[in-house]
Each structure stands twice: as structure tokens, then as C-alpha cells.
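Novice: First, the structure itself, so that you have it in front of you.
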Amino acid sequence: MVPSNTCSILFVIIPLSSLSSITTSHAARGLLQLPSLPKIPSLPQPTMPQLPKIPNLPTALPPLPSTIASLLTFPTTNTPLPSLPTLPSVPKMTLPPLPANPLPNMPSLPNIPTLSPPPSN
């Protein structure tokens, strides 16, 4: 009972969707065939008021205290970087040997005749 209901629903949906695409294409064609519309006049550009100036904002940052400034100084000489620690050696992985018996042959697909045009004379 369920498959027949599903099929009947599909038989209703497919024609309805094709009809809706047909009406959409007719509507689009109708819009393309309209005469040219009158031009819309341009509107004047609004003017924005100036933002008020805020005089209480500081213009520059105060200087850093001497203790923080000494922490932020970078060394000027080229000091050598410390060497990287040595990594322990990892044993090499090896694959097990292949079996002595060869793998069995897979059966081949049978030749299926295909439709080809007749030879030209």
C-alpha cells in the first residue's frame, strides 16, 4: 500500500512542477516584451550634519614607566639560538614478506556484444 501511495504522490507532483515552470517562463517572456518604462527621476542627496568635536580626549599616550620599558627592550646583539635537543631514534618499520603462493587469478568479464554501425563499403 505504501509504494502505491508514494507513486501516486509523485505522479501528482511531477506534472504540477512542470506546469509551474511553464507559467514562469511565460511570465518572464511577458516581462521581456513590455515597452520601455519611464525613467525614475534621481532624488537629491541628503546632507549629513558634522559630528561635534570632543575636546576631552587625550591626543597622545603617556610614557611607560621605566620598569616596564626595561622589560620591553629587545637585545641588540645577535645572540646564538640554543641548539635543539636530540630526538631518540625510532626503529624502522618493515613489511612482512609476501606469501610464497601467488594470488589466485580473478575471473575476467565475458565479452558482451555491443551495437555498432555496420561497416561502410
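Novice: Can you tell me which condition SER83 does not meet? The list is (1) among the hydroxyl-bearing types (Ser, Thr, Tyr); (2) at pLDDT below 80; (3) in a loop (DSSP other than H, G, I, E, B), and all the others hold.
Specialist: Checking SER83 against (1) among the hydroxyl-bearing types (Ser, Thr, Tyr); (2) at pLDDT below 80; (3) in a loop (DSSP other than H, G, I, E, B), the one that fails is (2).
Novice: PRO38 versus (1) open to solvent by less than 90 Å² (accessible area, probe 1.4 Å); (2) at pLDDT 75 or above; (3) part of a loop (DSSP other than H, G, I, E, B); (4) not β-branched (Val, Ile, Thr): which is the lone unmet condition?
Specialist: All conditions are met except number (1).
The values are calculated or read from the model by the stated rules, or taken from the named source; none is laboratory data. Quick caveat: nothing in here was measured; it's all calculated off a predicted structure. The area values use the complete protein model at the heavy-atom level, side chains included, leaving out ligands, DNA and RNA. Shrake-Rupley method; radii C 1.70, N 1.55, O 1.52, S 1.80 Å.
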